[in-house]
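The values are calculated or read from the model by the stated rules, or taken from the named source; none is laboratory data. Predicted model, so just to flag it, every value in this text is computed and none were measured. Cβ placement follows ideal geometry from the backbone for every residue including glycine, while neighbour counts extend to all protein chains displayed. Accessible surface is based on the protein model in full, side chains and every heavy atom, while ligands, DNA and RNA are left aside. Shrake-Rupley method; radii C 1.70, N 1.55, O 1.52, S 1.80 Å.
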Amino acid sequence: MALLKMKFSQQRRVRLAQGLWLLSWLAVMCGAFIFCLGVYLKIELLRRDEVMEDTDIHAVPNLLMLVGLASIGANWVASRVCQDSLDASRFPRWKVLLLGWYAVAALLCCLLLAVVVLSYALQGRLEESLKVGLRNGIRFYKDTDVPGRCFQKETIDRLQMEFRCCGNNNFKDWFEIQWVSNRYLDFTSQEVKDRIRSNVDGRYLLDGVPFSCCNPASPRPCLQNQLTDSRAHYNYEYQSEELNLYSRGCRQALTDYYMGLMNSTGPGVLSVILIQLSVLLSMRYLQTAVDGAMALESPEGESEGYILEKDVKATYAEVKAKALDLLKFAQVDPASEAAGAEEGEKAAEASAKAATPPPAS
Amino acid sequence: MPFLSLKFNLQKRVKLAQGLWMLYWLAVIVGIILFSLGIFFKIELRKRSEIMDNNESHLVPNLLILVGMLSCGLNAFGGKLCHDSLDPQKFSKMKPMLRPYMLLCCGFNALLLLLVLLSFLMQFAVYLTLAEGLKNAIRFYKDTDTPGRCFMKRTLDMTQIEFRCCGNNNFRDWFEVQWISNRYLDMSNDVVKDRVLSNVEGKYLMDSVPFSCCNPGSPRPCIQHHLTNNSAHYDYDHRTEELNIWNRGCRQAVFSYYSGIMNSIGALLIFTIAGDVAGLKYLSTALETMADPENPECESEGWLLEKGFKETLADLLSKVKTFGRANQVEEGGASPDADAT
């Protein structure tokens, strides 16, 4: 009792082959689209490489690129099979390949699903990586004279301006570190000396932020220094001032940006999965229908197409038996071993008897 | 003696028609590109219309959009013409339309030429509008409570950040205007009162710039205030400091952006004209001069101009002269009448 049997006349077979040919070229385009998506995501991640601590999240674009390339190859093969399918002399050579092709296509669908799942699962890792990376970036903001860190300031400034964010969680992160280099501090000044002595580590801490935290949409020219002191500026209330600086933290901003990117590609990836599945099923129908037609006496007649020859349970039992057979091939068969052992013993006795008589005589 | 003539046999004509068909569809794509370029340019002008006093001329992008649409239509028709050209029946139906179509194409190419000239000449207008607009923008920077100007601050800040520039000609333009609103000035403070009284118009002038002038690439945290006072900051010399704020003026920066766009539009248009003109002329003349219309396989000649270049010019001039003389009374005609009477 075959699974999902359908009858195919010659004309329907031709239509199926043509439709599948078009569908497989569509699937090739989709594979190219997935590849380009992977490349784009990777470039976006690499651009902000400096504020990310580890590269776990790169698994998503890497997988997308791999799947895209494999999908292009597999679907191109499918289109070639379609072209040869109605020619009885050329189709048989594809038969061996088709089983492997089904496995590859199913694997591609699973991998695409895995990509969608991963892009949600890795969000936590992304946030952690950004937290550590941004913390280091802010700490090394002042080290514009240290090789290897001299561009940290520019990177963080551009990041804050582009993503409209300030600090790691919020702007107060800038109050906890020294972001003005000692090169630009006048150590003879009383104010500087006071500030440095006021904390254990001898750091020059300010309640001020860099200019890149300023919000251009504020009606007032930006206030960067003495932010917590409401009396330092005219008509300024620290608690209620909202527009002066960016209120969002850069970790949140970057996470939102990347999650937004990956979510917007979600529907695209799901539709590619659907297309790939339909190519797989149509290929199976085409293969069984053409095989059936070639087995008939009149190749122009009607044949049957199905997905599985028997139903699911019977196919599963068959596959299990075949697998066990394959495993048993390595073991020695007990019955034939017993027979062989006896023969071996007899032969040994015979040769032993042949060897012993001469000394007796 | 025809100008740049080539001999065509049937096979070459077929190849020419096929090549031209592809060329025409390429030209349709170019038309679509021109259309989208026009839309892009229009959007870019609108985005920054605030710093151009809302006074900028949209002539070039509007014409470009029109030209793009016309180009698509004309070239699609030309492609159809090529498609039908090698079938004598269809071609004989199309033949009367050929001359007007050619004239239309010539007119269209003249329009393209005009657009090329405009896109190079209008850059002057953009420059002048920018200069005026930026001057006003800097003056109205502080008016974030005045309706109609409340977004000037944000626009100018974003422009300075995006184009990496400061002020109109350079950063000193900020020293000449009051860019802090009176709402945020403590008028009871002595320092403020001194500054306001120190100039005729009672403006609060400072040697400071807004934060958007800051250069992120500077190794030092940005110095915005007291820029000309070396003693106000440790280890600072305003004459040698280069990286602190942007050196370029916004007029120069924004203008080079727009002139880049307009130059590439001009270049694309020139390329389009050159491609269009040569191709169709060759094909139509090749087909018109088939010696024996019944035998499609004979040879024929194709050319760009019927006579040589100089003769064609002379022809054109004489035509223009006769057109001018149509109103004059002919001398030869007048005298026999005079003799008769």
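Does A:GLY249 qualify as being more than 14 Å from chain B (Cβ to nearest Cβ) and surrounded by fewer than 15 Cβ atoms within 10 Å (Cβ to Cβ)? Break it down stepwise before answering.
Values: more than 14 Å from chain B (Cβ to nearest Cβ): yes; surrounded by fewer than 15 Cβ atoms within 10 Å (Cβ to Cβ): no.
So A:GLY249 fails the test.
Confirm whether A:VAL209 is at pLDDT 90 or above, within 29 Å of A:ARG158 (Cβ to Cβ) and in contact with a Lys or Arg (Cβ under 7 Å, 6 or more places away or on another chain).
Criteria not met by A:VAL209.
Given the conditions (1) out of contact with any helix residue (DSSP H, G or I) (no Cβ under 6 Å at 6 or more places or on another chain); (2) assigned to a helix (DSSP H, G or I); (3) under 30 Å from A:SER298 (Cβ atoms), and given that A:GLU44 satisfies all but one, which numbered condition is not satisfied?
Of (1) out of contact with any helix residue (DSSP H, G or I) (no Cβ under 6 Å at 6 or more places or on another chain); (2) assigned to a helix (DSSP H, G or I); (3) under 30 Å from A:SER298 (Cβ atoms), only one is false for A:GLU44: (3).
A quick yes/no check of all residues on (1) in contact with an Asp or Glu (Cβ under 8 Å, 6 or more places away or on another chain); (2) closer than 21 Å to A:GLU309 by Cα; (3) part of a helix (DSSP H, G or I):
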{"position": "A:GLY73", "(1), (2), (3)": "no, no, yes"}
{"position": "A:TRP76", "(1), (2), (3)": "no, no, yes"}
{"position": "A:ARG80", "(1), (2), (3)": "no, no, yes"}
{"position": "A:GLN83", "(1), (2), (3)": "no, no, yes"}
{"position": "A:ASP87", "(1), (2), (3)": "no, no, no"}
{"position": "A:LEU97", "(1), (2), (3)": "no, yes, yes"}
{"position": "A:LEU107", "(1), (2), (3)": "no, no, yes"}
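Just give me the residues in segment B:202-216 being open to solvent by 30 Å² or more (accessible area, probe 1.4 Å) and at the interface with chain A (Cβ under 9 Å from one of its Cβ atoms), in sequence order.
Listed by number, the list is empty, since nothing qualifies.
Evaluate segment B:182-193: report whether one residue or more is open to solvent by less than 30 Å² (accessible area, probe 1.4 Å) and more than 9 Å from every other protein chain (Cβ to nearest Cβ).
No, the conditions are met nowhere in segment B:182-193.
Residues in segment B:250-258: is at least one over 24 Å from A:SER212 (Cα atoms), touching a residue at least 40 places away in the same chain (Cβ under 8 Å) and open to solvent by less than 20 Å² (accessible area, probe 1.4 Å)?
Yes, that holds for at least one residue.
Looking only at residues that are touching a residue at least 60 places away in the same chain (Cβ under 8 Å) and within 14 Å of chain B (Cβ to nearest Cβ) in segment A:107-150, which one is surrounded by the fewest Cβ atoms within 10 Å (Cβ to Cβ)?
A:GLY137
Look at B:MET102 and say whether it is within 20 Å of B:GLU176 (Cα to Cα), touching a residue at least 24 places away in the same chain (Cβ under 8 Å) and open to solvent by less than 40 Å² (accessible area, probe 1.4 Å).
Taking the combined requirement at face value, the residue does not satisfy it.
Check B:THR159 against each of (1) closer than 23 Å to A:ARG158 by Cα; (2) at the interface with chain A (Cβ under 9 Å from one of its Cβ atoms); (3) within 38 Å of the chain's Cα centre (by Cα) and name the one condition it does not meet.
(2)
So that you can scan it fast, the table gives a plain yes or no per residue for (1) away from every other protein chain (no Cβ under 11 Å); (2) open to solvent by 90 Å² or more (accessible area, probe 1.4 Å); (3) under 30 Å from the mean Cα position of the chain (by Cα):
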site	(1), (2), (3)
B:GLN89	yes, yes, no
B:LEU98	yes, no, no
B:PHE108	yes, no, yes
B:LEU117	yes, yes, yes
B:ASN136	yes, no, yes
B:ASN169	yes, no, yes
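Restricting segment B:227-242 to residues that are open to solvent by less than 80 Å² (accessible area, probe 1.4 Å) and not hydroxyl-bearing (Ser, Thr, Tyr), which is nearest to the other protein chains (Cβ to nearest Cβ)?
B:HIS233
Picking from B:ARG154, B:ARG149, which residue would you name as being closer than 28 Å to A:PHE163 by Cα, more than 9 Å from every other protein chain (Cβ to nearest Cβ), open to solvent by 50 Å² or more (accessible area, probe 1.4 Å) and under 32 Å from the mean Cα position of the chain (by Cα)? Before the answer, list the steps.
On the way: B:ARG154 fails: more than 9 Å from every other protein chain (Cβ to nearest Cβ).
Exactly one of B:ARG154, B:ARG149 is closer than 28 Å to A:PHE163 by Cα, more than 9 Å from every other protein chain (Cβ to nearest Cβ), open to solvent by 50 Å² or more (accessible area, probe 1.4 Å) and under 32 Å from the mean Cα position of the chain (by Cα), namely B:ARG149.
Could you pull out the residue among A:SER181, A:SER212 that is closer than 27 Å to A:GLU53 by Cβ, facing another protein chain (nearest Cβ under 10 Å) and surrounded by fewer than 20 Cβ atoms within 10 Å (Cβ to Cβ)?
Numbers: A:SER212 fails: surrounded by fewer than 20 Cβ atoms within 10 Å (Cβ to Cβ).
When all the criteria are applied, what remains is A:SER181.
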